[in-house]
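K.L.:
Take a look at the following structure, please.
Laboratory data are not the source of any read-out in this text; all were calculated from the coordinates shown. The model shown is predicted, which means the values in this text are computed figures rather than measured ones. Reconstructed Cβ throughout: ideal geometry from the backbone, glycine too, with neighbour counts over all protein chains shown.
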Amino acid sequence: MDESLTLTNDMLLVFGLVGFTMAMFMTERVRADLTALVVLIALGLLGLVPAERLFAGFAGNAVISVMATMILGAGLDRTGALNRLAVWLLRKSRGMEERLILMTSAIAGAISSSMQNPAVMSLFLPVTSRLSNRTGLSLSRLLLPIGAAVVMGGSLTMVGNSPLILLNDLLLHANDNLPSGATTLVPFAMFAPMPVGLALLAASLAYFRFFGGRWLEVAADKSATPARTESYFSQTYGIEGELFELTVTAESPLVGMSIGEAEAQHGAPLFLALKSGQTARLAPPADEMLWVGSVLGVMGSRQAIHDYAQNNLLRVSARLRNFGDLFNPSRAGISEAVVPPNSSFIGQTVADLRMRKRWGISVLAVNRDNEVFREDLRRLAIRAGDLLVFHSIWTDLAQAASKRDFVVVTDYPKEEQRPHKLWMALGIFAAAMALALSAQIPVPVALMAGAAAMLVGGVLNMDEAYASVNWKTVFIMACLIPLGWAMDSTGAAAWLTQGVLERLPDDMPVWTFELALALLTTLFAMVITNVGATVVMVPLAINLALAVGGNPSVFAMVVALSAANNFLSASNPVLAMVSAPGGYSSRDYLRIGAPLMLIYFVVVVLMVNLIW
């Protein structure tokens, strides 16, 4: 072993930080963004990354590109582009299931070439809900093919997903540590991975057209078609019954109680509204007090309502004299929303969220891994992938959804906010992509120019642009980038590469190393996210390529592409978002996702060797 590759204290410290990151991401004992921050500060305190470069990730091209694509996507959403897309898909598919799934998946995959995967899935959830409503197809027949296409389509361009956005920055930094005589690594052009992405997307569409659809039929039995109907929510959540008004009398034991205390009583119905004095509102806060003359709007079976009213000396009315306007289906109703992996709701209880007080939204039930929770909801801690059942005014729901802590699955009636800006938004989006393609302007500058044009043109305002950026994703990426630099600059990646090669047979074909890298990256991505896996594995891939006579850029591209190859676990944010609405179980993902991952491996390694 060369003296330069002797294991050093700095290498041990870097390996320790990588192990710490993996452990924290796996156990989730500490939030992922906090873990990333701790790792970043440790790199600076230990001197593994120079202080002047420690926070450079926050101003890196990768972070700026991610922010810009999020703003561009929000602009398209604000103009109602995807609502029009749903109508167009219905018309063109003519109600034929296979054609509808194929067209919707293909378009979702194409859109994901220029937007972050979770953002595309967020936009397509209500579109898919509308398609399901109109055609009668269950969501489980639609969501997984669309989700797979979104993941595959992210490989069409260098801004389609976070690993590819990161790749060029990592390549440029690797040039500082290349051995003498090695060829300088050149960043990939905007559409460099397109042949691979097209092959992946075509393979996904063909897979669900000829094979995956058979297995989806099993999942479809566990899923229903969502609609704003009592039958759906009765079937799925046991939410059934009629609406009544209950007036609190002077003799009632509820006098002086809070809404929360009254709800906690055995046999209590769903409390949806409250009128105190002349003020009526939906989703009364838990600390709102009940007094003589207060009127409750409740939902439940007729017998249960009458029993509750009799036990608590309440006056019952089946006529909605006080809440008729509030309960109008065109104004309010029941909806479903999925909690994405980057939501600030995660780890908080329903009581902590104070959704009634903040937004006027009642949480009626929580669907987690096909298990429905309705009792003692206030103490239930929210997890990624939970499907929340709400009752609210639609405009309140839209306002709360703009915070992006949950994604509404139900296609609820809402007014398109700026449909008159549609063509402007599409034009700006197309121009930004054309500038990025031209190679005359750096990609981050081109994308951010498009984001600025959205703001100047009034498609979005500044507050909406701030809200559209997923700051948790940005923060994790910016904090972990220096960890990849440390892997390279300390020689940890080179030392690890040498140790691996010493234990392998001589004269192994180059493609076997690429396949091994793809497999290892996939396993890492399932544990420490695709960003973490890319940061750790790209330096290793470059050193491995130099040692075996391969192309370092190609090996790095294999890593970036393979970081998205996860169709088995909810650590893939797209899977986390479709799991509850589609009613998919771990067994479904294993049966449907495992063959898809194998196809992904083969296509990536084959196409990379054919192209480069």
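K.L.:
In debye, nearest 20, what is the charge dipole magnitude of the chain about its Cα centre with +1 on Lys and Arg Cβ and -1 on Asp and Glu Cβ, if you could check? Don't jump to the answer; show the numbers that get you there.
P.N.:
Numbers: 41 positive and 44 negative charges, 382 e Å.
With Lys and Arg at +1 and Asp and Glu at -1, about 1840 debye.
K.L.:
How would you classify the range 341-381 from its alpha-carbon gyration tensor, with a ≥ b ≥ c the square roots of the eigenvalues: rounded for a/c under 1.5, else prolate if a/b is greater than b/c, otherwise oblate?
P.N.:
oblate
K.L.:
Using the reciprocal of the averaged 1/r over all distinct C-alpha pairs, how large is the Kirkwood radius of the chain in Å?
P.N.:
Taking the inverse mean of 1/r over all distinct Cα pairs, the chain comes out at 25.9 Å.
K.L.:
Report the net charge of residues surrounding ALA384, where surrounding means a beta-carbon distance below 12 angstrom and charges are Lys +1, Arg +1, Asp -1, Glu -1.
P.N.:
Value of the local net charge: 0.
K.L.:
Take a quick pass over the chain and tell me how many lysine pairs come in under 17 angstrom between Cα atoms, counting only ones 8 or more apart or on separate chains.
P.N.:
Total qualifying Lys-Lys pairs in the chain comes to 4.
K.L.:
Spin-label point model (7 Å from Cα, Cβ direction): what's the TRP423 to GLN265 distance in nm?
P.N.:
So the label points at TRP423 and GLN265 sit 6.0 nm apart.
K.L.:
Using the Karplus curve 6.51 cos²θ - 1.76 cosθ + 1.60 with θ = phi - 60°, work out ³J(HN,Hα) for each residue of the range 125-136 in order, rounded to whole Hz, and write x for Gly and Pro.
P.N.:
With coefficients 6.51, -1.76 and 1.60, one gets 4, x, 4, 5, 4, 5, 4, 5, 4, 6, 9, x Hz.
K.L.:
Can I ask one more? Could you sort the peptides 130-142, 274-286, 32-44, 310-322 by per-residue average Cβ neighbour count (10 Å cutoff), highest mean leading?
P.N.:
Output ranking for 130-142, 274-286, 32-44, 310-322: 130-142, 32-44, 274-286, 310-322.
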